[in-house]
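What follows is a short report on a single structure.
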Amino acid sequence: MPVPSNSFWEQWLTAHRAKPDACVTLSLSPPPPLQDFLGELDPCLPLDWSGEDYQGLPSLRENVLDCYGYRFACSVDDVLITAGSQEANYLVLTQLLGPGDELVIDTPGWQQPLVLARQIGAVPRLVSRSEESGWALDIDQLEELVTSRTKVIFICNPNNPTGRVEDAATLHRIIAAADRVGAHILSDEIYRGLEWMGKETPRVATMYDRGVSTGSVSKLLGLQGLRTGWMVTRDRKLLAEAMVLRENTSEIMNVMGERIAEIALRPERFGGAVERSRAIGRTRIDLLDRFVAGQPALRWNRPAAGLLGLAHLDLPITADNFAETLLAAPYRTFVISGTAYACPQHLRLGAGGVSLTEFKLGLERMAQLLAACA
Ligand SMILES: Cc1ncc(COP(=O)(O)O)c(C=O)c1O
């Protein structure tokens, strides 16, 4: 059945078309320009497929294992290169789920699995994250929701939109629940590397045979336009099935994406790029945190990772109304209303995706609207 539209996508499209001056809702680290890679790109590279391997450029897969810490438990044959994490999630969910199958999803969380569940006719079972507990996953509830009909447990870790990181002890409980019924765990780990509290995100692909970790060069490195990501899993059958589906969607990898991502993940480059993204990200999150602290109508749990957090709006208007007014003149600033995450009184605040000037302008404009609504 057709993929249903949803609030996240509609807000996104409306805002993009409105061409706002400023933005306080995005999650990308600053993108390096193409010229940073030209010196290491072969100008004679044929723009046909590389012909090297249907799983993706082997040197890129090796770099993924090393840069993202999967090497100690996974091999190069456990990595499939995809068109971003989004395609990796799509391949896994579409191959594992059928009509009537149950899919456990963390909420608030990444909206893609819910959209795909609706398209497939699978039954979503939502596990709550509560604001009072710092958006911790309700693991007792998750254990209750997992049944013999559960095929997949999806978590976004670190979480979009709250910035919460679930630790290894929680992951072990999720694994025990999944293993009890033979379910897979799909962990979207796209914000790995942007942890602020010293807690590293557990890698589900290294912890569980039916675990799948997805990621990409989009967030930490700001290279979203390359459309290059991956899934890592020791479940070779699932990986082979994902390749069959990819053959019937994007067919092969984006050659330029693979080549540039391979360069970006070379050890001599990756460390410096991560340091830069982290330094900028931390400064921006500090700014956002000070902003929220100074606004009586906002409160949030400072994100433990990534450039996003979910702030409660304590005003007699809905987050939808607030976001619509903020997007219109004279404010012309984009913020995603929490309706996109079934949290209608929250705003998704983000410190990435735009220049510091646009970000600061967005904060000023939001402060003006908050004052006008008070
Ligand atoms: C949690 C999460 N997963 C996946 C994606 C898609 O990213 P990619 O560019 O790797 O497809 C995003 C992008 O915003 C995201 O936030």
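The values are calculated or read from the model by the stated rules, or taken from the named source; none is laboratory data. Predicted model only: the values in this text are computed from it and were never measured. FYI the Cβ positions are ideal-geometry reconstructions off the backbone, even for glycines, and counts take in every protein chain you see.
From Leu103, Leu116, Leu96, grab the single residue that is at pLDDT 95 or above and within 13 Å of the ligand (Cβ to nearest atom).
Sole residue among the options that is at pLDDT 95 or above and within 13 Å of the ligand (Cβ to nearest atom): Leu116.
Give Gly198, Gly222, Gly163, Gly193 a once-over and let me know the one that is modelled with pLDDT of 95 or more, outside any helix (DSSP H, G or I) and out of contact with any Ser or Thr (no Cβ under 9 Å at 6 or more places or on another chain).
Gly163
From Arg290, Arg282, Arg269, Arg299, which residue is within 30 Å of Leu370 (Cα to Cα) and free of Cβ contacts under 8 Å to residues at least 12 places away in the same chain? Talk me through it step by step, then tell me what you get.
Values: Arg282 fails: free of Cβ contacts under 8 Å to residues at least 12 places away in the same chain; Arg269 fails: within 30 Å of Leu370 (Cα to Cα); Arg299 fails: free of Cβ contacts under 8 Å to residues at least 12 places away in the same chain.
So the residue among Arg290, Arg282, Arg269, Arg299 that is within 30 Å of Leu370 (Cα to Cα) and free of Cβ contacts under 8 Å to residues at least 12 places away in the same chain is Arg290.
Can you find, within region 154-195, the residue that is nearest to the chain's Cα centre (by Cα) among those that are basic (Lys, Arg) and buried (at least 24 other Cβ atoms within 10 Å of the Cβ)?
Restricting to residues being basic (Lys, Arg) and buried (at least 24 other Cβ atoms within 10 Å of the Cβ), the top hit is Arg192.
State whether one or more residues within region 201-210 are within 13 Å of the ligand (Cβ to nearest atom) and of a type in the set (D, E, K, R).
No: region 201-210 contains no residue that is within 13 Å of the ligand (Cβ to nearest atom) and of a type in the set (D, E, K, R).
Picking from Ile285, Ile252, Ile263, which residue would you name as being buried (at least 22 other Cβ atoms within 10 Å of the Cβ) and either in a helix (DSSP H, G or I) or more than 20 Å from the chain's Cα centre (by Cα) (or both)?
Of Ile285, Ile252, Ile263, the one residue that is buried (at least 22 other Cβ atoms within 10 Å of the Cβ) and either in a helix (DSSP H, G or I) or more than 20 Å from the chain's Cα centre (by Cα) (or both) is Ile285.
For region 3-33, name all the residues that are over 27 Å from Gly362 (Cα atoms) and either among the hydrophobic types (A, V, I, L, M, F, W, C) or within 14 Å of the ligand (Cβ to nearest atom) (or both). If you could, list the steps in order and put the result at the bottom.
Start the filter on region 3-33 by keeping residues that are over 27 Å from Gly362 (Cα atoms), which leaves 3-5.
The one that is over 27 Å from Gly362 (Cα atoms) and either among the hydrophobic types (A, V, I, L, M, F, W, C) or within 14 Å of the ligand (Cβ to nearest atom) (or both): Val3.
Across region 2-58, which residue is nearest to the chain's Cα centre (by Cα) among those that are outside any loop (DSSP other than H, G, I, E, B) and among the acidic types (Asp, Glu)? Talk me through it step by step, then tell me what you get.
Start the filter on region 2-58 by keeping residues that are outside any loop (DSSP other than H, G, I, E, B), which leaves 7-18, 22-23, 25-26, 35-38, 58.
Now drop any that are not among the acidic types (Asp, Glu), which leaves 10, 36.
On the way: Glu10: 18, Asp36: 25 Å.
Filtering first and then ranking leaves Glu10.
For region 335-368, name all the residues that are more than 17 Å from the chain's Cα centre (by Cα) and basic (Lys, Arg).
Of everything in region 335-368, those that are more than 17 Å from the chain's Cα centre (by Cα) and basic (Lys, Arg) turn out to be Lys360, Arg365.
Quick check on region 211-235: of everything there that is under 22 Å from Leu171 (Cβ atoms) and of a type in the set (Lys, Arg), which residue is surrounded by the most Cβ atoms within 10 Å (Cβ to Cβ)?
Lys219
Residues Tyr68, Tyr90: which one is in contact with a strand residue (DSSP E or B) (Cβ under 9 Å, 6 or more places away or on another chain), within 21 Å of Glu189 (Cβ to Cβ), within 12 Å of the ligand (Cβ to nearest atom) and in contact (Cβ under 8 Å) with a residue 40 or more places away in the chain?
Being in contact with a strand residue (DSSP E or B) (Cβ under 9 Å, 6 or more places away or on another chain), within 21 Å of Glu189 (Cβ to Cβ), within 12 Å of the ligand (Cβ to nearest atom) and in contact (Cβ under 8 Å) with a residue 40 or more places away in the chain holds for just one of Tyr68, Tyr90, which is Tyr90.
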